[in-house]
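Please read the structure below before turning to the comments.
The values are calculated or read from the model by the stated rules, or taken from the named source; none is laboratory data. What you see is a predicted model, and the numbers here were worked out from it, not measured in a lab. All Cβ positions, glycine included, derive from the backbone under ideal geometry; neighbour counts span all protein chains shown. The protein model used for the area step is the full one, side chains on, heavy atoms only, and it has no ligands, DNA or RNA in it. Shrake-Rupley method; radii C 1.70, N 1.55, O 1.52, S 1.80 Å.
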Amino acid sequence: ALTAEGIRFTILEPHQAKRFRAIGSKEWTLVNGALDPTMPYRCTLPSGRMIALYFYDGPISRAVAFEHLLARGENLAHRLTSAFADSRKHPQLVNIATDGETYGHHHRYGDMALAYALHYIEEEDLADIANYGEFLETHPPTHEVEIVENTSWSCAHGVERWRMDCGCNTGVGVGWNQRWRTPLRKSLDWLRDKICTIFERDGGKLLRDPWAARDDYIEVILDRSPETIATFVAKHAIAAEGRGSTQRILELLEMQRNAMLMYTSCGWFFNDVSGIETIQVLHYAARAIQLAEKLSGQSFEPELIGLLRSAESNVPEHGTAADIYERDVMPTRLDLSRVAAHYAVASLFDNFDEESRIYCYRVIRRDFEVQKTGRARVAVGAITVESAITLERAEFDFAVLHLGETELTGGVCAARAADEYETIKHELMEQVQPGGIPGLIRLLDTFFAESTLSIRSLFRDEQRRIFNLLCNATLEEAESAFRQLHERYDPLMRFHTRLGIPVPKVLQTAAEFDLNVQLRKLIEHEHPPLAEIEARLREAIEERVTLDETTLMALQQAVERAAARFRDRPDDIDRLETYESLVSTVRSAQLRVDLRHPQNTYYAMKSTVRPAIAADGNSGEARRWLELFDALGEKLSVSPEAHA
């Protein structure tokens with residue numbers, strides 16, 4: 001499959017090699033741990049084509065992933081270069097393979113260790129840094145290899161981790177199993193086969209070669225512009241029959257794309273069918289079914305749900321994959337009417353343009369009007385919703401009434417005739433007056449009985465944002481109450497703290513809320529008032545107030561903004577002073593703020609900007625700049641604990 005697509009090499013784990021020999025030799029050597037991972041090998045395939053294979057250095061890769069080799073960049077550099085051997089007479093490529101998330105996610109600061117290791121190897125001239133393609137171009141294989149069939153990097157049992165209860169997992173509860181993998185795969189295989197039948201039958205009527213079009217569809221996925229779609233359709237369609245034909249082609253290909261996404265590796269890799277990875281796989285299945293049912297007029301979902309009942313979760317309350325599908329997947333499915341409902345509710349809070357983009361949908365506003373009476377607001381509109389993915393399009397009318405806070409009602413329906421829409425709109429707007437709200441609600445129930453609206457009509461990501469807007473007034477009242485409580489009893493709290501007596505919970509909560517809010521507001525200024533920030537931080541220390549994650553993140557972002565402003569104008573000593581003072585404040589308070597990005601900015605400038613300033617080191621301003629810059633470097637280069 002790889003060579004058919006023009007791929008020249010790939011990377012395997014050492015145990016995936018079965019035997020090897022020099023090209024031209026008749027004698028094979030069984031690997032048995034003796035494979036040299038510093039050179040590429042040629043593998044001849046049953047098709048007669050050939051591919052080059054690299055085998056990564058297993059011990060070093062495991063040391064990076066599991067043995068804390070990323071604790072120091074120099075250690076990593078020396079371990080890598082120690083894999084070279086003078087006894088080998090051929091050019092050597094030391095290579096390792098690890099998850100990208102190893103560097104920073106699994107091992108904090110691992111990205112910095114890797115960067116420094118590469119820098120150290122180059123600076124000390126210990127080796128050349130190359131990549132696989134370059135090395136293969138200059139040093140083609142001198143040996144050939146045969147592989148062990150059906151193996152993987154991550155499963156000691158071959159490829160069973162993706163279909164069986166083989167025992168591989170990431171650490172599970174007592175008595176857990178992965179027996180759910182087999183019925184899940186069988187369920188999705190069943191769905192895949194149904195989808196392929198539809199794709200070949202319907203695609204064969206529209207596309208010269210449906211499977212070639214499926215492969216080429218990546219060009220559209222990467223660029224969904226009208227020009228790319230037109231070029232794709234002209235290349236693959238049997239006959240260009242207008243928008244409807246193009247929409248159907250795109251729906252067929254999206255169905256196939258989601259059928260492929262159902263097999264995303266991590267859906268099977270982890271411990272339970274209720275994990276977020278497997279739920280995401282079921283989301284892809286739901287989208288594939290949605291398109292398959294629309295294209296074929298057949299019903300597939302009930303049978304899929306029946307098959308999924310055999311995939312049982314290890315967590316009793318989660319039930320089976322069928323329960324998870326019905327509970328967590330089905331309610332999140334989108335169609336154009338749901339997009340219209342989201343737009344209708346959001347239109348009361350957002351100023352949409354005549355044409356707006358909502359995720360992968362375009363919404364064109366044909367008519368829109370808002371009126372208020374007291375706290376109540378009503379919006380009536382007519383819109384066209386179009387999918388940017390499949391070009392599916394439909395027109396809708398809506399009306400929505402907001403009575404304040406989370407009290408909201410209304411409805412959305414397929415577009416009516418223009419004169420009927422205008423009549424309904426006129427009747428609704430006539431009721432927007434004192435005392436008219438009951439009548440307005442009755443009209444909404446009459447005109448939009450089939451599809452009612454509420455805050456839940458918003459997409460989940462937007463629900464939180466809109467809810468926060470609705471709660472702003474309430475939150476401001478709460479902030480004021482907490483601030484008054486904190487200010488009134490601040491002397492009492494300090495007295496408790498000095499005597500070592502625990503502060504009453506209600507006062508501690510008020511102080512934490514108030515100080516965190518005050519700090520965030522100060523930090524978010526374009527020019528943060530450092531004296532006030534320091535005063536609030538001292539207050540937090542004296543009252544033993546914990547800064548929450550949001551406040552720490554705000555401090556991190558403030559430092560990053562100061563670093564960026566200084567990087568843009570390195571000759572501006574005021575910007576440097578603000579930057580240094582802000583870092584000093586963070587360090588003095590011993591706050592756990594991530595300063596990796598500012599550190600990277602600093603060290604890049606140390607090797608470029610500092611030498612230029614140092615060349616002018618006789619002037620007073622240059623000396624001041626150098627003092628501040630070097631002081632900044634000291635504070636950036638240590639952990640909060642070490643600084644303390």
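Quick look at the numbers
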item	result
Accessible area per residue, Å², the chain with all protein chains present, probe 1.4 Å	53 Å²
Assigned charges on the beta-carbon of Lys, Arg, Asp, Glu; the chain dipole about Cα centre (debye)	1220 debye
Gap separating the Cα centres of the range 157-198 and the range 209-246, nearest whole Å	34 Å
Highest-first arrangement of 170-179, 212-221, 547-556, 507-516, where packing means the average Cβ count within 10 Å	507-516, 547-556, 212-221, 170-179
Directionally averaged projected area (convex hull, Cα atoms, the range 200-355), nm²	12.0 nm²
The chain: relative contact order as a whole-number percent, Cα under 8 Å and 6+ apart	7 percent
Scaled radius of gyration (Cα, divided by 2.2 N^0.38 Å) that the chain gives	1.24
Inverse mean reciprocal Cα-Cα distance (Kirkwood Rh) of the range 504-644, Å	15.9 Å
Cut-off 14 Å between beta-carbons: net charge of the residues surrounding residue 261, Lys and Arg +1, Asp and Glu -1	+2
Alpha-carbon Debye profile of the range 105-185, log10 I(q)/I(0) at 0.18, 0.24 Å⁻¹	-0.93, -1.09
Within-12-Å neighbourhood charge of residue 200 [Cβ basis; K, R +1; D, E -1]	+1
16 Å Cα-Cα reach of residue 635 towards aspartates and glutamates, excluding residues that sit fewer than 8 places from it in its own chain	560, 577, 580, 594, 627
Those aspartates and glutamates that a straight Cα-Cα span of less than 19 Å connects to residue 294, excepting residues fewer than 8 apart in one chain	193, 200, 202, 251, 254, 303, 335, 386, 392, 395
Computed P(r) (all Cα pairs; the range 406-515; 5 Å bins; percent)	2, 9, 13, 12, 10, 10, 8, 6, 7, 7, 5, 5, 3, 2, 1, 0
Surrounding net charge for residue 575, when Lys and Arg each add one and Asp and Glu each subtract one, Cβ distance under 14 Å	-4
Table column - 3J(HN,Hα) (Hz), the range 501-514, Karplus curve with 6.51, -1.76, 1.60, x for Gly and Pro	8, x, 6, x, 4, 5, 6, 4, 5, 4, 5, 4, 4, 5
Accessible-area composition of the range 342-405, carbon plus sulfur, in percent [1.4 Å probe]	42 percent
Expected 222 nm ellipticity per residue - DSSP helices of 4 or more, -39500 (n - 2.57), all of the chain, to 500	-16000 deg cm²/dmol
Relative contact order, percent, the range 474-594 [alpha-carbon distance under 8 Å, six or more residues apart]	22 percent
Whichever lysines have a C-alpha closer than 24 Å to that of residue 372, once near sequence neighbours (fewer than 8 apart) are set aside	425
Carbon and sulfur %, accessible surface of the range 135-264 computed with the full protein complex present, 1.4 Å	55 percent
5 Å-binned pair-distance histogram of the range 259-332 (Cα, whole percent)	3, 17, 26, 27, 16, 6, 3, 1
Low-density loop cleavage sites - trypsin sites (Lys or Arg not before Pro) in the range 1-77, where at most 10 other Cβ are within 10 Å (DSSP)	26
Accessible carbon and sulfur surface of the range 577-641 relative to its total accessible area, %, 1.4 Å	47 percent
